[in-house]
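The values are calculated or read from the model by the stated rules, or taken from the named source; none is laboratory data. Given the structure is predicted, the values throughout are model-derived calculations rather than measurements. Because the Cβ atoms are built from the backbone with ideal geometry, glycine has one as well, and the counts that use them run over all protein chains shown. Ligands, DNA and RNA are stripped out before the accessible areas are found, and what is left, the full protein with its side chains, is counted by its heavy atoms. Shrake-Rupley method; radii C 1.70, N 1.55, O 1.52, S 1.80 Å.
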Amino acid sequence: MKNIILIGFMGVGKGSVAREIVKQSDLVALDTDDIIESMENRSIKKIFAESGEEYFRALERKVALWLQKEVDGTLISTGGGFFKVPNLSKIGTVVYLSAPFETIHNRILAHPDAAKKLRKRPLFQDIEKARKLHEERAAHYKKVADITIDVSGKEISEIAKEILKKVK
Ligand code: S3P
């Protein structure tokens with residue numbers, strides 16, 4: 001089976017959906033941010049602060065090449081900017097989790113550890129900037145996706161089921 005790659009904006013629920021898909025199937029999941037943090041032995045926040053965004057994007061491209069070459073039949077959740085890697089479509093079936101900015105913002109704020117969720121995301125420090133980034137990226141996510149799923153108002157279990165049905 002081809003890999004399934006989840007893309008979408010920060011906080012839309014890529015990680016939660018990935019964990020639910022793992023529960024509902026025999027798939028194993030990887031997360032590109034987790035791979036990068038473990039490669040660097042420091043947090044995304046630290047990588048951005050100490051080495052800059054371009055350094056981080058280069059690591060994303062390196063991970064993307066490795067995924068294309070070495071990984072099959074796996075569920076891959078990604079950071080919100082990973083969709084820009086040039087070989088995305090060669091990694092597997094690209095699934096875009098889509099939701100309006102307000103839905104995403106409210107989802108983060110509803111989390112018991114909302115402050116931490118925001119703090120760990122360098123590009124979500126200024127809400128207006130994040131809103132603009134969401135606006136800029138929305139069309140691009142859709143363009144690179146094989147499947148777009150509107151996640152607003154849906155339970156995580158329902159989204160996972162929908163994805164598994166569509167990729168079969
Ligand atoms: C980013 C999203 C983050 C992380 C980094 C950059 C982005 O991942 O990769 O902070 O460019 O949208 P999440 O989507 O998991 O927050």
- What residue, among those in segment 2-29 that are touching a strand residue (DSSP E or B) at 6+ places or on another chain (Cβ under 9 Å) and open to solvent by 50 Å² or more (accessible area, probe 1.4 Å), is nearest to ASN106 (Cα to Cα)? ARG19
- Message: Pairs needed: first member in segment 12-41, touching a residue at least 60 places away in the same chain (Cβ under 8 Å) and of a type outside the set (Ser, Thr, Tyr); second member anywhere, open to solvent by less than 40 Å² (accessible area, probe 1.4 Å) and in a helix (DSSP H, G or I); C-beta distance under 6 Å; at least 6 residues apart or different chains.
- Response: VAL12/ILE104; VAL17/ILE159; VAL17/ALA160; GLU20/ALA160; ILE21/ALA160; GLN24/ALA160
- Would you point out which residue out of GLY92, GLY8 is under 16 Å from the mean Cα position of the chain (by Cα), more than 16 Å from the ligand (Cβ to nearest atom) and closer than 19 Å to HIS140 by Cα? GLY92
- Scan segment 122-152 residue by residue and report those that are open to solvent by 50 Å² or more (accessible area, probe 1.4 Å), in contact (Cβ under 8 Å) with a residue 40 or more places away in the chain and not in a helix (DSSP H, G or I). ASP146, THR148, ASP150
